[in-house]
Structures are given as C-alpha cells and as structure tokens.
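For reference, the structure discussed in these notes is given below.
Rule-based calculations on the coordinates, nothing more; no lab input. Quantities reported herein were computed from a predicted structural model and do not represent experimental measurements. Using ideal geometry, Cβ is built from the backbone for each residue, glycine included, and neighbour counts are taken over all protein chains shown.
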Amino acid sequence: MVAVFYKDMLSWYLITIKLREKLEAQKQQSETDQNLPDGTEPDQDHVLQKHRQVQTEPITIEIKESPREPRDEWVISIRDKLDQAHRDDDTSIWAKLCIYRVPYYLQENDNKSYFPQIVSLGPYHHGKKRLRSMDRHKWRAVQRILKRTNQDIKMYIDAMKELEERARACYEGSIGMSSNEFVEMLLLDGCFVLELFRGAVEGFKELGYARNDPIFAMRGSMHSIQRDMIMLENQLPLFVLDKLLELQLGIPNQTGLVAQLAIRFFDPLMPTDEPLTKTDRSKLESSLKTDKTFDPFSDMGGLHCLDVFRRSLLRSGPKPEPRLSRRRWSHNRRVADKRRQQLVHCVTELKESGIRFRKRKTDRFWDIRFKNGYLEIPRLLIHDGTKSLFLNLIALEQCHIDSSNDITSYIIFMDNLINSPQDVGLLHYYGIIEHWLGSDSEVADLFNRLCQEVVFDIDDSYLSRLSEEVNRYYNKKWNAWRATLKHKYFNNPWAIVSLFAATILLTLTFSQSFYAVYAYYKPPS
C-alpha cells in the first residue's frame, strides 16, 4: 500500500516539473516577441507553429516500477519450468527418438568405448577440438562428390534443409546448433560416411582417391574410424544417408541400399569368423550399377548404422521365445548384478557335472543349443574392437524401448560361463572362442565387465528355457557321478583296459569263491 502511495506522489511530481518547463518556454517566447523592433509584427506562421508545438508535443513521463520481490521472481521461475515440462511431455517428441546419449551409469564402466576418438558424426560430439582434424577430410569428400557428379551444392543443402526438423527429432535433448550449422553438419558428415561406404564396396580408386590417401583407403586408421562410426552417440539418421545417396546416384527410392553398404563396411567388426560370401558381395556391387537393388533389409526400417549392424547380427532365423511372455519395462525388471543375473554355472562347474561342450557350425553367433548333455555354442571371434561394439549394442538395447534385449541376453549368458581364465581356455580348446587379445585373462575380464549395472530381467531372455534345461541337468547327481567316473577311469585307453581286466579278475575271483562254498555245503556224491 505504501509503495502505491509513493508511486502516485512520484507521478504528480514529474507532471508538475514538466508543466513548469512548458510555462518557462512560453514565457521566453513572449519575451522574444517583445524584443522585436518597433513596427515589426511577429510572423503569424511562426507563432502558430510554436503554438501547435506546445499544444501537440506529448508529455513523456517515465515511471519506474518498484523492484520485484524475490518471491515473485521465484514463482515466475517455477512457472517457466512447468511450461518447459509441458512442452517436453509431448509424446510426439519421444516417438521419433532413436539416437541417445549413453546413460551415466553405463559410462562408469568404460567411457572411452562410447566416445569417438578420431571422427565425430552427428551433433553430440560436433566441434570438439580433438576431432576437428577430420573436418578437412570431410570437405574433401563433399568436393569429390560434386566433382564426380557435376552437381551443385545448393541441391544438397536444400534437401538437408527439408529434413532438418525430422532429423533433430531423432536426437535426445535440445541441440544447441543454429539451423545453418545443423544442416551443414548433416551434409558434411553424411557425404563423408557415404564415401567410406561406397569405397569399401566399389573401391576408393574408382571413386577418384589416390592409393596412398590417408583416410579414403582400407588401411591405416580405417579400423579406428569403423569403431567410432558404430558408437551410439556417433550416429546419423538412416533416412538422411538414404536421401544423400539418392541425390548422388540420381535414382529415387533407394531405401535399403545404404543399409547394405553399411553391412559391407562394418563386416570386419563382426564377432564371427564368417565374412560375407562372394555371392553376397557380387550382388551388393551390382546393386550400385542397376536400378533394382538387392535389399533383403528394406522392410526392417533401420534407424541408423548401429541399428542396421545389430539387425544384421540377428538376421538369420527366429530365436527361441523367453520362458515367460515379454514384459518390457515391467515391475519385474531388475538389475543384472552378480547376485541376480546368474543364468547358468561357469564352464568348469558344468564340465564337472557331466555337461560337454561342442562348437556349433553356424554363422549365427547367438544360436546356442543344449541337447543330450551337449552345450553347443557357435564360434565367437574377439578382437580389440569387440568390447566397444558389445557395449554400444547393449546401450542401444537399454535405451530404445522398441528394441529387444537379445544381444544383452547372449552377453550375460557368456558372462555366466566365463568366470576365470580356465573357463576361457576350455572354450578355446573346444573351438568356441577365438581371440586376438594378449591372454585368456583379458578375455575373462572383458566379459566380467561388460554387463555391470545393466538393467535386465532374467525371465525376459531368449536363453531362459535353455538355461533351465542346463540347470536341471546340472542338478542331477547321477550325471555328476557318471562324469567323475568317466574323467577318472575312462580318460585314456590304458585306464579302460585296466578297468576291464580288473573287472574280469574280480568276476573270476567271485566265481571261484562261490563254487568253493557251494562244494562245501553240497559235496559231490
């Protein structure tokens, strides 16, 4: 109330001052007219102009509002946050989201496996100082494309401009880049990726690059570039790459061809020792030269290159259903720590219980089978990029709600089997694991660290039924006794001969004793 009173007083005071200034101005004008020479009449136009100026000149009064109280500013801040929450709660935003930031609880495991070391793709790591050196090679790729196709850069810019809003919706959180910066990033990174993809299939020499090119050649740092390009935070939407490739080839509706190129490019990272066949490669190469493309993945609707790679790993045939119906994100979902993620026992314990291991001949590394006491596991190839690959595949399955957890299920199952270097050695002996790491201990440590703090429901796994069968076999004591007998007495041919001879000798001794006792009680007549 007091503030209002002072405000009114201040207003009247300012009005009074303004009126006083106007009266003084009029007085000075009248004195000027009086000082005119005798017989000189003041100019009527001049007088009228002054009169109108006095009458029409607005009176400007500045009124300063009283400062807001801290409580008012706090309430306004809360309302702004609620408005932002209302905008963020729009379900249409989440529907298009497919490229995520890796959660912090996963980064604690090994953040270097999630962050690019050489090349950045997309907005998350764009402009970082340690990754800027690759930008000049990205511009080289754009220049090479324009020179090879005789096209104008404006056509590409306009195409990316049309996809900007759709592409922004694919990324998690707000992107602090202007429209021009974002469009330039899509164009630059997308052309760079496509040049690598096409060079891996057609050959970089055919695309116009020198044999000793530092980047566009399948040598040198290419393996590190491939590893960066498969990371979850380092992805471009697949529809952006599809559009850029359509512009390059001049052929519309090329959806699916980029997915095939990506599979060929990332083939060296496959965790199997079965590369693409010559037939698949020839079909893929011919698809670039014809209107009709070879595309078995066209109906999959891939999100980005990591998603395409994951789909290619799981492509061959259906997997067994989980023990219970899938209940994604249900209240039974729990953390797969060492106390509750146990599906099966380790290799050493299973071997002692009578379970035998055998390599299964298939390129589907996840296709594990248990039959007649044999646990058949396909061969798994482990190299220096396997850790980063598996971690990013797990992160994708953790973040994307429409993704199954098949890769996570497989890795947790293998983690259960491998507790020590001895377990790795046994799997290597049976031909199931082949690794290029320094020792079996490094392989055991790799699997034991992959799934720390991973959210996982052991009932929501395609290996849950198989695990139950293995555990039932393990819990039967007779199988363990039979295995012990075989291990101790039938582990070599001489032991078998010795046991056979001992059995015969024991039988003869028993027969001799029987007939001696029988003759004593019933002597011959």
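Put the Cα centre of region 111-159 next to the Cα centre of region 242-268 and the gap is 17 Å.
Positive-end ranking of S221, P237, Y104 along the dipole of region 94-313, with charges on Cβ about the Cα centre, is headed by S221.
Among the listed pairs K112/K359; K138/K161; K351/K387; K112/K161, give every one whose C-alpha distance is greater than 29 Å. The answer is K112/K359; K112/K161. Peptides 181-194, 440-453 ranked from most to least packed give 181-194, 440-453, packing being the mean of other C-beta atoms within 10 angstrom over each peptide's residues. In order along region 226-240, the Karplus-derived 3J(HN,Hα) couplings, from 6.51 cos²θ - 1.76 cosθ + 1.60 at θ = phi - 60°, round to 4, 5, 5, 6, 9, 7, 4, 7, 10, 10, 10, x, 5, 5, 5 Hz, and Gly and Pro are given as x. Each Cα pair under 8 Å and six or more residues apart adds its separation to the average, and for region 347-481 the resulting relative contact order is 30 percent.
Residue order for R101, R130, fewest other beta carbons within 10 angstrom first, comes to R130, R101.
Evaluating 6.51 cos²θ - 1.76 cosθ + 1.60 at θ = phi - 60° for every residue in region 384-394, the Karplus couplings come out as 5, x, 5, 4, 4, 4, 5, 5, 6, 5, 5 Hz, glycine and proline recorded as x. Across region 205-222, rounded Karplus estimates of 3J(HN,Hα) from the backbone phi angles (6.51 cos²θ - 1.76 cosθ + 1.60, θ = phi - 60°) give 5, 5, 7, x, 9, 6, 5, 9, 4, x, 10, 8, 6, 7, 7, x, 8, 4 Hz, Gly and Pro being marked x.
Cβ crowding within 10 Å, taken as a proxy for footprinting-reagent exposure, orders F115, F500 from fewest neighbours to most as F500, F115. Listing E21, E349 from fewest to most neighbouring C-beta atoms within 10 Å gives E21, E349.
Please say if region 347-481 is rounded, prolate or oblate, where rounded means a/c under 1.5 for a ≥ b ≥ c the square roots of the C-alpha gyration tensor eigenvalues, and otherwise the choice is prolate for a/b larger than b/c and oblate otherwise? Note, shape of region 347-481 comes out oblate.
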